[in-house]
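Structure record follows, encoded as structure tokens.
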Amino acid sequence: AVMRALEIDESLAEAHATLGNMKFWYEWDSDGAEKEYQRAFELKPNILGAHLGYAHFLSNVGRHEEAIAEGRRSRELDPLSLITNALEGQFLFYAGRDDEAIARYQKTLELEKQVAQIHAQKQTLEDEIASLKSQLLVQKAPAPIAPIVAQPIIQQPKPTPHGRSIPKEINKTLGFLF
């Protein structure tokens, strides 16, 4: 699919980044992978997926300082991404920069707590909105007429312009339906 996309439009940065990932992870073609990542950057300098994939590539081929720089660039592009933050810690660890790796992992854990709080707050708001909507629907719903109460009402018809009769109490309660 990625090759077909590039046949149709060679200027798709995302397709080049994906092809770079494929060449690196599945074909073990380091030169081809790097070429595709670089092409993605030429087309779209701030493409997060390419920066993250390229950082992985660089780390795995032992170019640790470049991997760390790409990892930081990825985090700059998406500072709230847990995976981006965690991978930057991994790149630091593989470079032997243990103290920095631990600090990045710690920041990732703190961010994870914040993200969990955001999700919890979002869920609370969604629950409250659903509850309010439910209450509004209940308030707008017509009151049901019990058969025992309706029987005497039905015996007192109110004529309509169309010649039909609607009991006045029902008309008063359910008038919006007639």
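Once you have the Cα-Cα distance between ASP29 and ASP99, take 0.36 nm times their residue separation minus that, and quote the gain in nm to one decimal. If you can, show how the numbers build up before the last one.
Details: separation 70, 0.36 × 70 = 25.20 nm, distance 3.26 nm.
Between ASP29 and ASP99, full extension yields an extra 21.9 nm.
Just the Cα atoms of region 47-119, one point each, no solvent: what log10 I(q)/I(0) does Debye give at q = 0.18, 0.19, 0.20 Å⁻¹?
-0.61, -0.68, -0.74
In region 1-58, carbon and sulfur make up what percent of the accessible area (probe 1.4 Å)?
Values: 1830 of 3220 Å².
Carbon plus sulfur share of accessible area: 57 percent.
At a Cα cut-off below 16 Å, give the aspartates and glutamates reachable from LYS122, other chains included and same-chain residues fewer than 8 away excluded.
GLU112
Using protein chains only and a probe of 1.4 angstrom, how many square angstrom of VAL115 are accessible, to the nearest 10?
30 Å²
The values are calculated or read from the model by the stated rules, or taken from the named source; none is laboratory data. Note that the structure is a prediction, hence the values are computed from the model and not measured. These accessible areas exclude ligands, DNA and RNA; they are computed on the full protein's heavy atoms, side chains included. Shrake-Rupley method; radii C 1.70, N 1.55, O 1.52, S 1.80 Å.
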